[in-house]
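Let me begin by presenting the structure, written as structure tokens, before commenting on it.
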Amino acid sequence: MGYTLSQKIIKNHLISGTMAAGEEISIRIDQTLTQDSTGTMAYLQFEAMGIDKVRTEKSVAYIDHNTLQAGFENADDHKYIQTVASKHGIFCSKPGNGICHQVQLERFGIPGKTLLGSDSHTPTGGGIGMLAIGAGGLDVAVAMGGGPYYITMPKMMKVELRGKLRKWVTAKDIILDVLRQISVKGGVGYILEYAGEGVKTLSVPERATITNMGAEHGATTSIFPSDEVTLEFLKAQGREGDWSELKADDDAVYDKTIVVDLDALVPMVAKPHSPDAVETVDAVGKIKVDQVFIGSCTNSSYTDMMKVAKILKGKTVHPDVSLVIGPGSKQVLTMLAENGALADMIDAGARILESACGPCIGMGQSPKTDAISLRTNNRNFYGRSGTMSAQVYLVSPEVAAVSALTGVLTNPCDLGDTVDISVEMPKKFKVNDNMVIPPAENSADVEVVRGPNIKPFPINKPLAEDVEGVSLIKVEDNITTDHIMPSNAKLLPYRSNIPYLSDYCLAPCDENFSKRAKENGGGFIIAGSNYGQGSSREHAALVPLYLGIKAVIAKSFARIHMANLINNGIMPLTFKNADDYDKIDEGDTLALDGIRGLILNGGEIVLKDVTKGIEIPVDITLSDRQRQIMAAGGLLNFTKANITK
């Protein structure tokens, strides 16, 4: 029996465990990335470990999220990141150089290597044949220190691409169709591998669009083969020496297979407020559009931008539409400026943003009240745009550009052959890495600069023998990390200030949650299924830790958030019987007697609802190593205690 592509890479990086689905394994990490929204905390944690220099092949700190500098806070964080990176052997991509995933793909990604990033869309690197995984900042900090990355060995899902895309149908439509087929939960526990005759028809940027949004169906990661298409991309970046051919064995066995018929696809749209609320553009109809955003790490490549410029050339944006465009990197923006495409966009009435995450994370360009906003990014969670009443639809750049001209959601196929959107992949990209700052040769010469907004992060205490507290809140299914720790232009500057952020924890669900948690000295969160989906945002665990949350009891958890809870010593408990969720009410006093011993040694865990006088069986899924982490009060405590070992 042969290996899948992912299994080959895992096998080459395996440190411990066996490659049997469901077993805990640890792998060596070659590269890491952070961004400034999660990076400040990750580097504070790295410093706390007492390791002088990173031990990876390459680690890069990107500044691409908090670039709206309305006060000193973001700028202070940027200075901290640049100086701490310089001191500890990390490259720093300055603000304006581009979105981490786009730049990593262009300049640093290497087929067959492992990449761990403190951003949930790190799997973008799978478009170039990397095993690229999103994780919490503490996991990335440990990897930077040379520690292995632990993960449950995933199952393998094959996505067979048949046929070839027609004009006006895009890679975005492929991944929306996958989401339509398997939902936002269907990838949990899997790696998705793309195969079939359709693969060779897709460029690396198109493949990266698909692997980027693999995060939206909960997969560990997604990956494409490294083939002649990959080689041509790397040649154009001046990096052909980084290429190697990688593919699955012909007799590789997959746990599940789905098929996407590229010939049959049509332009698609994900309706509010979930990436899997997918319908065809025609089915949704010609709804009036107020705002269009083209960009983000999903669709901001050179080829995406060139197609948009061709659609806009010589035309004018509809008077009722605000069109904003954010090229993904300095490389892309420079090339657009040099070939005249940028002028075509500006002449049509587009507003050009800097190469950063921007509107995708609510960092500027929030829509007006009750607006319809078409966006090419990867998520349309409730309130993520910064406007709670806005309706965000996810579309391809082609749908976005055409709709910006018509003022209504429009199927670009209606244009037929009247517009030529063919774009050749450049034989040579514009390469200028002058905004990537290498680390200092002598770390002793570097002073790490900490601004007044950078506060110490919370550290848990070892797990007590018995735990008791109040049920502080009860939330529904599919609660995202945007619900748990909102991310918008007002709060993002305080990512390094956990005490300040604590006032806003779970505010979209209940604005009084934080106050109630503080009054009760912490307690429990009761949740439905897929709790913590979305961003890798470690703050969604750090802030509850600061508020004294002892456990989250849910029907099920999203992978990264569950790992972040464990890393911070917060118990992720699941109901043995999903119906027991209905038995607990907000305000009930709950108790876990003898929980420390049960965590360490195993055994049946019973949650006592003291208020109602009932007992509810619950589970916790932990490896032997994670049992020790939980007992120690989190991964940082565990790592510091074992670092000399």
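Residue-level analysis places P462 among those that are surrounded by fewer than 21 Cβ atoms within 10 Å (Cβ to Cβ), within 30 Å of I605 (Cα to Cα), at pLDDT 95 or above and not assigned by TED's automatic domain parsing to the domain that holds D119. The sole residue among Y62, Y80, Y3 that is among the aromatic types (F, W, Y), touching a residue at least 40 places away in the same chain (Cβ under 8 Å), in contact with an Asp or Glu (Cβ under 6 Å, 6 or more places away or on another chain) and farther than 24 Å from R625 by Cα is Y3. When we screen Y80, Y43 for residues that are in a helix (DSSP H, G or I), within 21 Å of the chain's Cα centre (by Cα) and of a type in the set (S, T, Y), the only hit is Y43. Considering every residue within the stretch 13-31, establish whether at least one is modelled with pLDDT of 95 or more, assigned to a helix (DSSP H, G or I) and either in the same structural domain as E193 (by TED's automatic domain parsing) or in contact with a Ser or Thr (Cβ under 9 Å, 6 or more places away or on another chain) (or both). Within the stretch 13-31 (the criterion being modelled with pLDDT of 95 or more, assigned to a helix (DSSP H, G or I) and either in the same structural domain as E193 (by TED's automatic domain parsing) or in contact with a Ser or Thr (Cβ under 9 Å, 6 or more places away or on another chain) (or both)), the answer is yes, since at least one residue qualifies. Within the stretch 114-155, the set of residues being touching a strand residue (DSSP E or B) at 6+ places or on another chain (Cβ under 9 Å), surrounded by 24 or more Cβ atoms within 10 Å (Cβ to Cβ) and in a loop (DSSP other than H, G, I, E, B) comprises S118, D119, S120, H121, G129, M130, A135, P154.
L506 fulfils the conditions (1) at pLDDT 95 or above; (2) of a type in the set (A, V, I, L, M, F, W, C); (3) not in a loop (DSSP other than H, G, I, E, B) except for a single criterion, (3). Of the residues making up the stretch 291-316, those that are buried (at least 20 other Cβ atoms within 10 Å of the Cβ) and more than 23 Å from T211 (Cβ to Cβ) number 5. Taken together, the residues in the stretch 162-178 that are of a type outside the set (S, T, N, Q) and buried (at least 24 other Cβ atoms within 10 Å of the Cβ) amount to 7.
Taken over the stretch 574-608, the criterion of being in contact (Cβ under 8 Å) with a residue 60 or more places away in the chain and either in a strand (DSSP E or B) or among the polar types (S, T, N, Q) (or both) is satisfied by T589, L590, A591, L592. Restricting the stretch 83-98 to residues that are within 21 Å of the chain's Cα centre (by Cα) and at positive phi, the residue that is surrounded by the most Cβ atoms within 10 Å (Cβ to Cβ) is G98.
Here is the figure for the stretch 71-98: residues that are more than 14 Å from S37 (Cα to Cα) and modelled with pLDDT under 95 total 2.
Per-residue answers, yes or no, for (1) in the same structural domain as Q237 (by TED's automatic domain parsing); (2) among the basic types (K, R); (3) not in a helix (DSSP H, G or I):
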residue: M157; (1), (2), (3): yes, no, yes
residue: I174; (1), (2), (3): yes, no, no
residue: V178; (1), (2), (3): yes, no, no
residue: V184; (1), (2), (3): yes, no, yes
residue: V188; (1), (2), (3): yes, no, yes
residue: K200; (1), (2), (3): yes, yes, no
residue: E206; (1), (2), (3): yes, no, no
residue: T209; (1), (2), (3): yes, no, no
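The values are calculated or read from the model by the stated rules, or taken from the named source; none is laboratory data. Quantities reported herein were computed from a predicted structural model and do not represent experimental measurements. Cβ coordinates were reconstructed from backbone atoms using ideal geometry, including for glycine residues, and neighbour counts include every protein chain displayed.
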